[in-house]
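See structure below.
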Amino acid sequence: MTEAYLGLFASAFIAATLLPAYSEILLATLVHNGHEPLALWAWATAGNTLGSVLNWLLGRYLLHFSDRKWFPFKEKNIALAQRWFQRYGRWTLLLSWLPLGGDALTFIAGMMKIPFWQFLGLTAIGKGTRYAMVLGLAGMF
C-alpha cells in the first residue's frame, strides 16, 4: 500500500518538472482501487509542490543553462509565463496547476526572486486545489 502513495508522490513530482507525466490518472485509479482519498491528496500535493520547488530553484539559480537540451522549459513557455507574472504578480502561482504554462510560472517565480515561503504557500494552495478537484471528479464516476 505504501508503494501506491510513493508512486503517486513520484508521479506528481515528475509531472511538475522535467518529463511529461499525468499524475491525475494515477490518482483517480488509486481512488477507485480503494486507497484513502485524503492520504492520496496529501501525497500528490506534496509531490507536485516539491517538483515546483525544483522549478523555482532552476529559475533562481540555473537560468544560464536554458540553452541545454535537458532544460525543462521551452523559451516560448518561459515567455508566456513571464507575461502572466509581470501582469498579475505572485498570485499567478495559484494557477501553477494549469497544464499549459503552469509549471513555467514556478520557474519564473524563481527568476523573479519571489521569496521562497510565499512561493511555497501559494503553489501548495494551487496544487492542493487541483488534486482536490481531481478527487471530486473521480468520486463522480
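The values are calculated or read from the model by the stated rules, or taken from the named source; none is laboratory data. Just so it is clear, the model here is predicted, and its values are computed rather than measured. No Cβ is skipped: glycine too gets one built from the backbone with ideal geometry, and neighbour counts run over all protein chains shown.
Quick notes on this one:
- Qualifying position, being small (Gly, Ala, Ser), modelled with pLDDT under 95, in a loop (DSSP other than H, G, I, E, B) and surrounded by 14 or more Cβ atoms within 10 Å (Cβ to Cβ), among 4, 21: 21
- Considering segment 26-38, and only residues there that are more than 15 Å from residue 11 (Cβ to Cβ) and in a helix (DSSP H, G or I), the residue that is farthest from the chain's Cα centre (by Cα) turns out to be 32.
- Segment 69-84, subset of a type in the set (Phe, Trp, Tyr) and under 14 Å from residue 100 (Cα atoms), residue surrounded by the most Cβ atoms within 10 Å (Cβ to Cβ): 73
- Filtered residues of segment 31-42 (kept if in contact with a Phe, Trp or Tyr (Cβ under 8 Å, 6 or more places away or on another chain) and among the aliphatic types (A, V, I, L, M)): 39, 40
- Residue 59 closer than 23 Å to residue 10 by Cα and touching a Leu at 6+ places or on another chain (Cβ under 9 Å): no
- Residues within segment 123-141 that are outside any loop (DSSP other than H, G, I, E, B) and surrounded by fewer than 16 Cβ atoms within 10 Å (Cβ to Cβ), tallied: 5
- Candidate set: segment 1-42, residues that are among the aromatic types (Phe, Trp, Tyr) and in contact with a Gly (Cβ under 9 Å, 6 or more places away or on another chain); chosen: the one farthest from residue 137 (Cα to Cα): 13
- Residues that are within 13 Å of the chain's Cα centre (by Cα) and part of a loop (DSSP other than H, G, I, E, B) within segment 73-122 comprise 96, 97, 98, 99, 100, 101, listed in sequence order.
- Any hit, segment 56-68, residues being buried (at least 21 other Cβ atoms within 10 Å of the Cβ), outside any helix (DSSP H, G or I) and within 16 Å of the chain's Cα centre (by Cα): no
- Residue list for segment 96-121, filter: surrounded by fewer than 22 Cβ atoms within 10 Å (Cβ to Cβ), touching a residue at least 24 places away in the same chain (Cβ under 8 Å) and at negative phi: 111, 112, 116, 118, 120
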